[in-house]
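Undergrad: I have a structure I would like to understand better, so I am pasting it below and will then ask my questions one at a time.
None of the figures in this text is laboratory data; all of them are computed from the coordinates on show. Note that the structure is predicted; figures quoted are calculated from it, not measured. All Cβ positions, glycine included, derive from the backbone under ideal geometry; neighbour counts span all protein chains shown.
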């Protein structure tokens with residue numbers, strides 16, 4: 001088997017709801033062993049895309065492949081190798097935590113009992129408790145246990161930590177890193193859609209920013225932090241603000257804040273001709289890059 | 001040892017780890033034969049990808065800073081590098097150049113830079129002696 005073959009391959013995906021194009025020609029590839037971030041504003045088409053991966057929705061045009069297979073015709077083969085945690089999780093109200101896990105395990109060929117035991121202890125979840133009496137955080141924890149115990153090759157997370165308290169969010173991410181990623185690294189791929197970008201920052205290898213159903217930016221995370229820079233400069237006099245190719249220039253009195261898109265060296269040289277008293281450069285975080293991508297979009301338009 | 005990751009430094013996370021371990025090794029924060037944290041707990045603690053830690057350790061191993069003992073983990077190696085003297089010099093020249101460029105932009109004179117280098121060498125030596133007392 002080709003180990004570099006993409007785990008997820010999306011080509012020119014289009015999915016409409018009536019006349020509204022939810023996803024409008026999206027393409028992306030997720031390589032095995034990577035943690036792939038999928039960022040976008042509300043209504044950008046993230047969940048629609050994810051639903052097409054899981055055959056919960058069918059594409060209008062374009063192709064979607066998971067492990068090289070078409071979700072429409074190989075739904076079971078694909079689902080046996082993946083796990084999915086949505087933002088709203090629902091369980092059967094008459095079941096206890098234990099019943100729920102047994103029920104979930106009954107669909108799986110593989111179920112790691114040790115991980116189950118570890119995580120129940122770690123989350124301090126009482127297995128005899130009815131699912132109706134669980135808090136939102138505990139419900140997500142239960143869903144995460146259900147997703148990790150089968151040791152899937154692909155973990156799909158759709159806004160998994162929104163609405164949770166900071167401690168639960170932190171534990172969630174630690175669990176994905178620890179319990180999930182502890183297996184064979186080439187068979188542990190994560191595809192995560194989230195607005196809490198800062199929390200997942202260290203996990204993300206590569207990401208796509210989607211806007212109005214289209215790809216706005218796809219990059220390696222380190223390369224992105226190298227390309228997008230924030231330059232802060234202070235001058236003796238009010239500085240000129242017309243800098244060539246700056247993504248954005250903000251001025252406040254004698255201070256400038258300049259966003260660079262791969263041209264920080266040239267912008268620095270230009271700023272230096274104005275004799276700055278102080279000059280500082282820092283990388284943008286992925287969250288700041290996401291916010292800045294809105295400027296990119298307007299520049300394209 | 002305690003690591004500090006800064007996503008805004010512009011240096012890839014794995015290189016930040018490499019630099020911090022090399023710094024600890026040079027200043028006595030990590031001694032020969034001492035184990036490095038294992039990958040999984042460190043990844044969880046820093047909330048970074050396990051691949052990132054593995055990449056940092058692989059880089060340190062290729063630089064001859066650490067060694068992996070199967071089933072036991074990674075350890076700081078005794079000083080001794082597989083690189084030739086010329087290769088080592090070339091690597092250091094790059095680092096020195098960076099400091100020289102930074103000094104120029106910060107308007108530090110050559111004499112001040114040299115004095116500072118001397119002072120830092122003394123600081124590291126003091127730290128190292130303290131660590132071995």
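Undergrad: Taking only Cα atoms, what is the 0 to 90° angle, nearest 10, from helix A:113-122's long axis to the longest principal axis of chain A?
TA: 60 degrees
Undergrad: Just to confirm the number: angle between the C-alpha axis of helix A:166-175 and the first principal axis of chain A, 0 to 90 degrees, nearest 10?
TA: 70 degrees
Undergrad: Turning to a different aspect of this structure: Can you give the angle from 0 to 90° between the axis of helix A:286-300 and the longest principal axis of chain A, with both taken from C-alpha atoms, to the nearest 10?
TA: The angle comes out near 60 degrees.
Undergrad: With an 8 Å Cα cut-off and a minimum separation of 6 or more residues, compute the relative contact order for chain B in percent.
TA: 25 percent
Undergrad: Mind telling me which of A:174, A:153, A:265 comes out most flexible in a GNM of chain A, alpha-carbon contacts under 10 Å?
TA: Residue with maximal mean-square fluctuation among A:174, A:153, A:265: A:265.
Undergrad: Then there is this: Based on DSSP, what percent of beta bridges with both residues in the protein assembly as shown are antiparallel, to the nearest 5?
TA: In the protein assembly as shown, DSSP labels about 70 percent of beta bridges as antiparallel.
Undergrad: Which distance in Å, rounded to a whole number, links the C-alpha centroids of region A:1-37 and region B:1-51?
TA: Here the two parts' Cα centres lie 34 Å apart.
Undergrad: 222 nm [θ] for chain A, helices only, -39500 (n - 2.57) per DSSP H run of 4+, per residue, to 500?
TA: For chain A, the value works out to -8500 deg cm²/dmol.
Undergrad: Classify region B:85-132 from the C-alpha gyration tensor, please: rounded if a/c falls under 1.5, else prolate or oblate depending on whether a/b exceeds b/c.
TA: Verdict is oblate for region B:85-132.
Undergrad: For chain A, what's the relative contact order in percent, using C-alpha pairs closer than 8 Å and at least 6 residues apart?
TA: With pairs under 8 Å counted, the relative contact order is 20 percent.
Undergrad: Would you please put A:14-27, A:199-212 in order of how densely packed they are, using the mean number of other Cβ atoms within 10 angstrom per residue and starting with the highest?
TA: Descending mean neighbour count gives A:199-212, A:14-27.
Undergrad: Right, another one. Given springs between every Cα pair under 10 Å in a Gaussian network model of chain A, which of A:244, A:63, A:132 has the largest fluctuation?
TA: A:244
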